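> Please find one structure pasted underneath; my questions will follow.
The values are calculated or read from the model by the stated rules, or taken from the named source; none is laboratory data. Treat the numbers as computed from the prediction; the structure is a model and nothing was measured. In this analysis, Cβ positions are derived from the backbone assuming ideal geometry, glycine residues included, and neighbour counts consider all displayed protein chains. Remember, those area values only see protein heavy atoms, side chains included, never the ligands or the DNA or RNA. Shrake-Rupley method; radii C 1.70, N 1.55, O 1.52, S 1.80 Å.
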Amino acid sequence: MLYLHKKNLLKVYRCTMIDYKMNTFMAVCKTLNFTQASKELNITQPAVSNHIKAIEEEYGIDLFRFQGKKVILTEEGRLLLNLISSMTNDIEHFKDYLSHNRSKIRLNFGTTLSIGEYVMSPILTKIISKESELSLRMVVENTQKLLELLDTGKIDFAIIEGYFKINSYQSKVFKKDRLIPVCSKNYMDKDNVEVKEIFDNWLFIREEGSGTREVLDRTLRGMNYSIDDFKNISEIGNLNTIKALVENGLGISFLYESVVEKEIKNGNLREILLTDFRAEHDFTFLWKEGSFYSDYYENLFEILKGE
C-alpha cells in the first residue's frame, strides 16, 4: 500500500530532527502562555523564553507578539507551527508504518460522532469484508479534539463536520448533509413556520466543540438569532440519548439527516418544516497541509469514498 524509495528516506530522516526548542514552541502555541508551557514541559519560564528567542534569531522572525499580557501567534509563527505539526504527524506515521505489516491498508483516523456512528459503519463493513490485510483504528471525538490529535500525529487523517483553519490542512469533501430540526411524530403541529416560532421548545443539543453544535450556532447567528433564544437547552454528548428524548416528546433537536434517516422512515421522528432555515454542511476528509504522505491520503480518500 505504501512504498518508500531511498531518495525519499532522506526527507523523512530530516523530519525527525525536531529538537527541544521546537517542542517548547509547540507548547507555547498550545497554551499561548509562557508560564503554563513551562509547567507542562517541566522547565523554567526563562528557559521557555530562551528557546523561543533562539528560534526567532535562527530564522530572523518574530513568533509571538504581545497585547498587554495576552500572547498572540504571528503569521510567521503560524506557518512554522503548521510545518512542525506536519513533520510530527509524518514521523508518527512513519514509525507506525515500520512497526506493522507494510502490505496492509492502514486506517488510523478519527471521525466526529455523527459521522462515526451513522456514515462510517457501512463503509467499514464493506472494506473489512473485502480486505484480509487491514490495520484499523478509528477514534470518535468532537471536531476540536480531532484537530488536536491530527496536529500531534496521534491520527493520520480525520473526517469531520465542524469548521477548521483552511491553511493548516489539505481537505476534500467526503459527503454533504443537511442539518434539520426534528421532533416526535405527534409532538407539535407547527409546520411551514419561521425558526423563531419554535423557540418556545426544549432544545437538546450536542456540547460545545462538536461539529453539529457549531454548524447550528453559525447558522442561527447568520439569521441574528442564537441557541440561547430557545426556552430551555440541554447539552448531551450522546446522539442516541438525544434521539430518545426527542422521540419521547420531551423537546426538539437539530441533527444531520443521515443521523435520523431511520427514525424518520419508521415514523418515530419527523422533520419540522421551516420556511427560513436551511443548513447544508460538508463532511470533510482532511490531513495536515504539506504532509509527505499527501498522495497516500488522497488514495485512502478514494478507497473510502468509493465504498
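> Residue under question is F277, and the condition is that it be assigned to a strand (DSSP E or B), of a type in the set (A, V, I, L, M, F, W, C) and touching a Pro at 6+ places or on another chain (Cβ under 8 Å); does it hold?
So F277 fails the test.
> Against the conditions (1) crowded, with 20+ Cβ neighbours inside 10 Å; (2) at pLDDT 90 or above, where does G116 fall short? Just the number, please.
Unmet for G116, out of (1) crowded, with 20+ Cβ neighbours inside 10 Å; (2) at pLDDT 90 or above: (1).
> Only one of K176, K172, K145, K154 is touching a helix residue (DSSP H, G or I) at 6+ places or on another chain (Cβ under 6 Å), touching a residue at least 24 places away in the same chain (Cβ under 8 Å) and of a type in the set (K, R); which? Show your work before the answer.
Values: K176 fails: touching a helix residue (DSSP H, G or I) at 6+ places or on another chain (Cβ under 6 Å); K145 fails: touching a helix residue (DSSP H, G or I) at 6+ places or on another chain (Cβ under 6 Å); K154 fails: touching a helix residue (DSSP H, G or I) at 6+ places or on another chain (Cβ under 6 Å).
That would be K172, the only listed residue that is touching a helix residue (DSSP H, G or I) at 6+ places or on another chain (Cβ under 6 Å), touching a residue at least 24 places away in the same chain (Cβ under 8 Å) and of a type in the set (K, R).
> Tally time: how many residues in the range 262-283 are at pLDDT 95 or above and in contact with a Phe, Trp or Tyr (Cβ under 8 Å, 6 or more places away or on another chain)?
Residues that pass the stated criteria total 0.
> Can you tell me which residue within the range 230-248, out of those that are in contact with an Asp or Glu (Cβ under 6 Å, 6 or more places away or on another chain) and assigned to a loop (DSSP other than H, G, I, E, B), is modelled with the highest pLDDT?
Among them, the one singled out is K231.
> Look at the range 128-144 and say how many of its residues are open to solvent by 80 Å² or more (accessible area, probe 1.4 Å) and within 23 Å of the chain's Cα centre (by Cα).
Of the residues in the range 128-144, 2 are open to solvent by 80 Å² or more (accessible area, probe 1.4 Å) and within 23 Å of the chain's Cα centre (by Cα).
> Sticking with this one: Can you tell me which residue is most open to solvent (accessible area, probe 1.4 Å) among those in the range 249-274 that are outside any loop (DSSP other than H, G, I, E, B) and among the polar types (S, T, N, Q)?
Within the range 249-274, the match that is most open to solvent (accessible area, probe 1.4 Å) is S258.
> Also: Here is a check on your reading of the model: is I180 modelled with pLDDT of 95 or more and not in a helix (DSSP H, G or I)?
Taking the combined requirement at face value, the residue satisfies it.
> Moving on. So is T125 open to solvent by 70 Å² or more (accessible area, probe 1.4 Å) and either modelled with pLDDT of 85 or more or acidic (D, E) (or both) or not?
For T125, the condition - open to solvent by 70 Å² or more (accessible area, probe 1.4 Å) and either modelled with pLDDT of 85 or more or acidic (D, E) (or both) - is met.
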